[in-house]
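The structure appears below as structure tokens.
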Amino acid sequence: VPDLFQNARLGGIQVRGTRKAPPLNAEDQTMVSSARVTYEQMRKDFPSDDITPELFLASALHEYMLYAEMKPVVAEMVRKQPDNEDVKTLSAWVASRAGR
């Protein structure tokens, strides 16, 4: 195979696309609203340093590719557990997605 590439003219392009969330239909909007209500209830029921409510809402928002809306949720996770490496990684990932 290397011999074949010596005289070959290779070329190509790479296209970087952006994957934006499609508009939410009424059912999806209801699901996101319901997740927010559940999140608020979980915040009342869980200890103040527990990130489970934020993980729940972030996963619901991720399902609908609502990365910009995930940013404040993940920021709250960082506030609650600033030394958690997994949370820091998630924060960086969400920031990279929300910027697209």
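Values in this text are rule-based calculations from the coordinates and carry no lab data. The shown structure was predicted, so the numbers you read here are calculated from the model rather than taken from an experiment. With ideal geometry, Cβ positions are generated from the backbone for all residues, glycine too; neighbour counts draw on all protein chains shown.
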Legend entry - Sequence-distant aspartates and glutamates (8 or more away, or on other chains) whose Cα lies within less than 12 Å of LYS88: GLU76
Legend entry - Radius 14 Å from Cβ of ILE51, net charge of other residues (Lys, Arg +1; Asp, Glu -1): -4
Inset, instruction - Could you work out how far apart the two model spin labels at GLU63 and ARG97 are, taking each label as a point 7 Å from the Cα in the direction of the beta carbon, and quote it in nm? - result: 1.4
Inset, instruction - First measure r as the distance between the Cβ atoms of ARG36 and VAL78, then evaluate 1/(1 + (r/R0)^6) with R0 = 22 Å and state the FRET efficiency to the nearest 0.05. - result: 0.65
Inset, instruction - Mind giving me the nanometre distance, one decimal, between the label points for ARG43 and GLN29, set 7 Å out from Cα along Cα→Cβ? - result: 2.2
